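S.K.: Below is one structure. I have some questions about it.
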Amino acid sequence: MKEKSWVIVFGAICISVLLFIGGLNVIVDPFLHFHAPLSGLEYPLKDERYVNDGLHRQMDYQILITGTSMSQNFYTSTVERLWQKKCIKTAYSGASLHELSEYIGRAIDRNPQLELVICSLDLNKIGEDAEAVGYENLPDYLYDENPWNDVNYIFNKEVALKSIAVLNYTRAGEKTPSFDMYGRFDHFQPHGREAVLNGYSRPEIEDYGLVFDEEAQMAIKCNLEQNIIRLAKKYPEVSFCYYIPPYSYCYWDGMVRTSQLDYSIDAISYASGLLLTQENIELYCFYDRTDITTELENYTDTIHYVGSVCDTITESIFEKRHLLQDDTYQSYFDTVKTLYKEMEYDF
Amino acid sequence: MLFNSYIFLLLFFPVTWFTYFFLNRYNKDIFAKVALLCCSFLFYGYYLPEYLGILICSIGINFLITRGMRKFRTHRREFLLLGLCVNVGILFYFKYFNFFISNLNMMFKTSFSGWNIVMPLGISFFTFQQISYIVDSYKEDLDYSFLDYALFVSFFPQLIAGPIVLHRELIPQFREKNRKHVDFTYLAEGLYRFSKGLAKKVLLADTIAGAVDWGYNHYELLTGPNLVLLAVFYSFQLYFDFSGYCDMACGIAKCFHLDLPENFNSPFKADSISDLWRRWHMTLGRFLTTYIYIPLGGSRKGLVRTCINTMIVFLVSGIWHGANWTFVVWGLLHGIGLVLYRVFAKTWDKLYKPIKVAATYSFFCFSFIFFRADNLKTAITIIGRIFTDITWRLHEGFYMAFDAVELTYIEEHVPVLKGLVERCPAVNMWLLLGLSFFICFFTKNSYERRNPMSVKSALWGAILFSWSVASLAKVATFLYFNF
């Protein structure tokens, strides 16, 4: 074969293969980066850190439920019924406040209709570094507005396999999950006393010696100012409803036995004080709902709760119950502290 | 910029190639060289522009020194010494200063703090390249223009990771008129070679790297046999990565109608450590032989002096590879190996060849445990466990890293293979091990093979290229800890 013909054949095959892969990825677009779900195709909606950004871009919604895995079991249908507005849910397991602030900020930038953000405020995330990111190798090329680095998405064999998975999913007669079902796990993970206690390793009684000092305060202040307050200030027209997830009393048992209860409550109380200064931030706390926290049927593990608890949270936010106030939040947390210190942990 | 990146493959390389030959076509060869030089600088400075300043300064200083040698002939020796000091000094500062400080602190209980020094990419390579030029300028009357010299040092295919090219190999090629047009034989060979190099790097080396990185980060969890596999896989990772890079470099150069020297010649087929170093990183061996071993006297001054010279060369080689005692130990091990070979060569050469090859390869894997380990303690611990913990147990964290997405996709959709994976979860690891052994021990390398230009090779090359391009980005799997 002549060398010139060889080069032409080589080039033609390369271009054809890459065009095929690229074409498949652009047309099917499993992560909804370029367009909304194609009619006639059903999308399995997996890989939340890849597809959530696409959902923010392509969906029509005025309310966004987001946060960590604490938000995964929410029912968007409940939100839509109460607020009479369209709602989507995009949770990010293990996300730091920094990550969440980036995701929320981008969602608002992309969707001027967005009016309300409902987001978890996890106790174990408030003291993290203000720039903390929980995972490496996040697909930043999907998050930004730089079209050139979309080559990472277009000419990507793993995305091509995801595209094929979409086609197979459709052919198998499956349907794109509703936002009620997207990301939720309470329908397949066991919940109840046995499930929670199997995963709970009760610590020995020991004083961890944690003190909620200035350094700890400074860490929370930096984190919240950079990742929540700054966001709220940047988007004054958007309402931010943060809720403090009601961990089960197994969790508090661990805190009491290791003398971390005071530290934890002081930390969340301090954080609350910071957030309540911002006009468009509402903060809800359910620690005093011992009817929820002591009923292990509500939990899949020591901290994750089922959808019915999420509905309680949703309804409370709508009716503005369990809303923390600037002048009463401190006494509220003092009460909570006493409540869990004196509780009978009878598992 | 990396060869295995979208920006290089889809933008930089095609644009540079077209520009170079377009300008040459209209007899604008000076402009073509300037364009190639600018593109090479862009390639180098792409990630960190500060690197570029260091490279340009290094080129400028070395060129002035050699100009000084020509102009002030009676002071050639002083210029030579100045050149060596400047180059070694630059290398010492960027690569070894903090290592030196930390050892000073350790030995003399001082507490000097290291500096925040960013080591320029490829500094070891382009410094050695320029040292060779300065030494040759001292011996010969070399008269290159600044453009030719700058292009020789910074020509992008060989800038970051070699091969270490000599001026007499490359600069005359830039001047040859018949190399200034597109040659389809060279272009075809170049594209094919590049495709194979890219596949070695992206499909093989990077897959194996995942397991090796996991293994070295969790070596305490691994038993002896698992650690042996770790050492073996590291040898393959290093070979595929480095030789793949060199294949890409040579392939790109061929596309530009230029030839670069070879750097690898199936090193694992070596039947002695001496043979190994005639096949592994050949241009480094050439540099060390020409500019250190021979000036020290080589093998002309008796066995003892030869052995000392050998040890010095490998000490330098070890230090050149990195600022860590692990590299020094690695270098010394190879020096000792070569010395022993020299002493017992006659006995060794009588051995059955497969035994010699196996022993040489085993030595390679053993010595490279030091090369890869973060510190001596890790290396010694690993070696100790290899000999003391002989429990046969494979850790799933290690073998699961070999589950390339293509393989798992096929296995999930073919019932027979799915059953096989369920019975033998490490099957992909064994597959890659077998494939690596086959490629390294039983096939011809790019140096040996002259592929006929056929439809089959065009198809194979194109598949390798396209599959590699589609493998540059991944969809990461995050282990969500449900927070």
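The values are calculated or read from the model by the stated rules, or taken from the named source; none is laboratory data. Since this is a predicted model, take the numbers as computed values, not measurements. Cβ coordinates were reconstructed from backbone atoms using ideal geometry, including for glycine residues, and neighbour counts include every protein chain displayed. What goes into the accessible areas is simple: the full protein's heavy atoms, side chains included, and nothing from ligands, DNA or RNA. Shrake-Rupley method; radii C 1.70, N 1.55, O 1.52, S 1.80 Å.
S.K.: Within 10 Å, at most 11 other Cβ atoms, and a DSSP state outside H, G, I, E, B define an exposed site. Report the longest part of chain B free of exposed GluC sites (Glu not before Pro).
M.R.: On the way: sites that count: B:140, B:176, B:448.
Counting at most 11 other Cβ atoms within 10 Å as exposed, the longest clean stretch of chain B is B:177-447.
S.K.: Something else about it: Considering only B:64, B:117, B:32, whose Cα is most displaced toward the positive end of the charge dipole of region B:17-161, charges sitting on Cβ of Lys, Arg (+1) and Asp, Glu (-1)?
M.R.: With unit charges placed on the Cβ atoms, the residue in question is B:64.
S.K.: Follow-up question, since we're still on this one. Using protein chains only and a probe of 1.4 angstrom, how many square angstrom of residue A:250 are accessible, to the nearest 10?
M.R.: Answer for residue A:250: close to 0 Å² accessible.
S.K.: While we're here: How far apart, in nm, are the 7 Å Cα→Cβ label points at residue A:171 and residue B:413?
M.R.: Result: 0.8 nm between the two label points.
S.K.: What is the set of long-range amide H partners of residue A:239 at a cut-off below 5 Å, with H atoms built 1.01 Å from backbone N?
M.R.: Amide H to amide H, under 5 Å and 5 or more residues apart or across chains, residue A:239 pairs with A:116, A:117.
S.K.: Output ³J(HN,Hα) for region B:399-404: one whole-Hz value per residue in order, computed from phi by the Karplus curve 6.51 cos²θ - 1.76 cosθ + 1.60 with θ = phi - 60°, and x for Gly and Pro.
M.R.: 6, 5, 5, 8, 7, 4
S.K.: Report the charge-dipole magnitude of region A:215-307 in Debye, nearest 20, computed about the Cα centre from +1 at each Lys and Arg Cβ and -1 at each Asp and Glu Cβ. Before the final figure, lay out each step's value.
M.R.: Numbers: 6 positive and 13 negative charges, 82 e Å.
For this selection, approximately 400 debye.
S.K.: Where in region A:254-278 does the amide nitrogen come within less than 18 Å of the point 7 Å from the Cα of residue A:331, taken along Cα to Cβ?
M.R.: The answer is A:269-270, A:273, whose backbone nitrogens lie closer than 18 Å to the label point.
S.K.: Separate question: Checking the table A:4/B:177; B:353/B:444; B:28/B:254; A:233/A:341; B:356/B:444; A:85/A:175 against a 29 Å threshold on Cα-Cα, which pairs fail?
M.R.: A:233/A:341
S.K.: Hey, another quick one. Name the most mobile residue of A:218, A:181, A:70, meaning the one with the largest mean-square fluctuation, in a Gaussian network model of chain A with Cα contacts below 10 Å.
M.R.: Result: A:218 has the largest fluctuation of those listed.
S.K.: Find the centroid of the Cα atoms in region B:183-202 and in region B:373-439, then give the distance between the two in whole Å.
M.R.: 30 Å
S.K.: When the dipole is taken about the Cα centre of the protein assembly as shown, and only Lys, Arg (+1) and Asp, Glu (-1) are charged at their Cβ, what size is it in debye, to the nearest 20? Show your work: numbers first, answer last.
M.R.: On the way: 74 positive and 84 negative charges, 1322 e Å.
The dipole of the protein assembly as shown has a size of about 6340 debye.
S.K.: Counting only heavy atoms of protein chains, what accessible area per residue, in Å², does region A:69-137 have with a probe of 1.4 Å?
M.R.: Values: 2380 Å² over 69 residues.
I get 34 Å² per residue for this part.
S.K.: Could I ask something else about it? Share of region B:206-347's accessible area from carbon and sulfur, percent, 1.4 Å?
M.R.: Working: 3050 of 4710 Å².
Reported share for carbon and sulfur atoms: 65 percent.
S.K.: Please check which bits of region A:74-118 a label hung off residue A:185 would reach, taking the label as a point 7 Å along Cα-to-C-beta and the cut-off as backbone N under 16 Å.
M.R.: It comes to A:74, A:90-96, nothing else.
S.K.: Ok, one more. Quick one: Cα centre-to-centre distance for region A:301-338 and region A:170-240, in angstrom?
M.R.: Each part reduced to its Cα centre gives a spacing of 14 Å.
S.K.: Roughly how far apart, in whole Å, are the Cα centres of region B:78-135 and region B:240-313?
M.R.: Cα centres, region B:78-135 to region B:240-313: 23 Å.
S.K.: Using a Cα-Cα cut-off of under 20 Å, which lysines could be cross-linked to residue B:71, ignoring same-chain neighbours fewer than 8 residues away?
M.R.: Result set, ordered by chain and number: B:139.
S.K.: Moving on to the next point. Given +1 on the Cβ of Lys and Arg, -1 on the Cβ of Asp and Glu, and no further charges, what dipole in debye does region B:192-297 carry about its Cα centre, rounded to the nearest 20? Mind showing how you got there, number by number?
M.R.: Values: 9 positive and 9 negative charges, 73 e Å.
In debye, rounded to 20, region B:192-297 gives about 360.
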